[in-house]
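**Student:** Got a structure for you, written out below as C-alpha cells; questions coming shortly.
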Amino acid sequence: MPVALYGPGKVPPPHLSPFVNDEEEGYTPDWAKEVKRLQEAARLARMRASGLLPSSGFVAEEDAA
C-alpha cells in the first residue's frame, strides 16, 4: 500500500470491510479496485523477482487479468 496516503495530517482512504462481498453486493468501490490493482502489481513483481516471469516490463492484457 502507498504509505504516503497514511501520513500525518492526511485523510486516510476509505475503510473497506472484509465482511462484504463486492460481487454479491453488485458494487465495487473505486478504492477496492485500486487496492486489487496494487496487489496484482505486487504479485507480478514478486514473480518477476523470483524468475517465474520474464522481466521485460511488459505484461500482456490476459496476464494482467
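**Student:** I need every pair where a residue in the range 27-56 that is free of Cβ contacts under 8 Å to residues at least 40 places away in the same chain has its Cβ under 7 Å from the Cβ of a residue that is exposed (fewer than 12 other Cβ atoms within 10 Å of the Cβ) and of a type in the set (S, T, N, Q), sequence separation at least 6 or different chains.
**Tutor:** Between residues of the range 27-56 that are free of Cβ contacts under 8 Å to residues at least 40 places away in the same chain and residues that are exposed (fewer than 12 other Cβ atoms within 10 Å of the Cβ) and of a type in the set (S, T, N, Q), the close pairs are Arg48/Ser55.
**Student:** Considering only residues that are part of a loop (DSSP other than H, G, I, E, B) and either of a type in the set (Ser, Thr, Tyr) or under 22 Å from Ala42 (Cα atoms) (or both), which ones fall in the range 1-19? Walk me through it before giving the result.
**Tutor:** Our first condition is that a residue be part of a loop (DSSP other than H, G, I, E, B); within the range 1-19, this holds for 1-2, 7-19.
If the condition is that a residue be part of a loop (DSSP other than H, G, I, E, B) and either of a type in the set (Ser, Thr, Tyr) or under 22 Å from Ala42 (Cα atoms) (or both), then Met1, Pro2, Gly7, Pro12, Pro13, Pro14, His15, Leu16, Ser17, Pro18 are the ones that fit.
**Student:** Please verify whether the range 20-27 includes one or more residues that are surrounded by 11 or more Cβ atoms within 10 Å (Cβ to Cβ), in a helix (DSSP H, G or I) and not β-branched (Val, Ile, Thr).
**Tutor:** There is at least one residue in the range 20-27 that is surrounded by 11 or more Cβ atoms within 10 Å (Cβ to Cβ), in a helix (DSSP H, G or I) and not β-branched (Val, Ile, Thr).
Rule-based calculations on the coordinates, nothing more; no lab input. Here the structure is a predicted model, which means the values were calculated and not measured. Here Cβ is always computed from backbone atoms with ideal geometry, including for glycine, and neighbour counts include all displayed protein chains.
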